[in-house]
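Single-structure report; data block below.
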Amino acid sequence: MKQRQRGATFLGMVTILLILGAGLYAAIRLVPVYLDYTKVARALEQVRDEHSAIDTNPQLIRNSLERRWDVEDVKGIGWKEVEIKKSNEGYDVRAAYEVEQPFVANVFLLAKFDKSVTIPQ
């Protein structure tokens, strides 16, 4: 009588562990990038709240962003790279950027971020 073997083979377990390990390593590499994005988003929202009550201009907005970037130690995007455009509602402030994070050898992880706020006038 033949017996059927049941269960996972050694190669199957190694394959599963490799896939889970690669996913965990990618998550570890991307967590600092997303934490940096939360700093950018929080800074933009704080600038919006600060300047919505006063008469403002692009230079004042950039000065506020520069102060917040320095305090928060934002590395993904410079405060000079933030777009500030005049619109009917006020000023549209947009931070759109990409971050490449090394993964393994010459393989990189690419994260794209786009955050915008409108400062009413």
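The values are calculated or read from the model by the stated rules, or taken from the named source; none is laboratory data. Remember, predicted model here, so these are calculated numbers, not experimental data. A quick note on method: Cβ atoms are made from the backbone with ideal geometry, for glycine too, and the neighbour counts reach across all protein chains shown. In case anyone asks, the SASA skips ligands and DNA or RNA and just uses the protein heavy atoms, side chains included. Shrake-Rupley method; radii C 1.70, N 1.55, O 1.52, S 1.80 Å.
For the pair Leu60 and Met13 in one chain, pulling the backbone fully straight at 0.36 nm per residue adds 11.1 nm over the alpha carbon distance. When you filter the GluC sites (Glu not before Pro) in the stretch 69-121 for DSSP loop state and at most 13 other Cβ atoms inside 10 Å of their Cβ, you are left with Glu89. Straight Cα distances below 19 angstrom link Lys85 to the lysines Lys115, with same-chain residues fewer than 8 positions distant left out.
A Förster radius of 25 Å, combined with the Cβ-Cβ distance separating Glu98 from Thr118, puts the computed FRET efficiency at roughly 0.60. Applying the Kirkwood pairwise sum to the alpha-carbon positions of the stretch 11-65 produces a hydrodynamic radius of 14.3 angstrom.
Rounded to the nearest 0.05, the FRET efficiency derived from the C-beta distance between Glu81 and Ile28 at R0 = 22 Å is 0.25. Taking only protein heavy atoms and a 1.4 Å probe, the accessible area of the stretch 12-119 is 56% carbon and sulfur. Computed over protein heavy atoms with a 1.4 Å probe, the accessible surface of the stretch 5-79 works out to 68 Å² per residue.
Extension gain, Arg6-Gln46: 0.36 nm per intervening residue step, less the Cα-Cα distance, totals 8.5 nm. Estimated from helical segments only, the mean residue ellipticity of the chain at 222 nm is -17000 deg cm²/dmol, where each DSSP H run of four or more residues counts as -39500 (n - 2.57). With 10 Å bins beginning at zero, the pair-distance distribution over Cα atoms of the stretch 13-121 amounts to 14, 38, 23, 14, 8, 2, 0 %.
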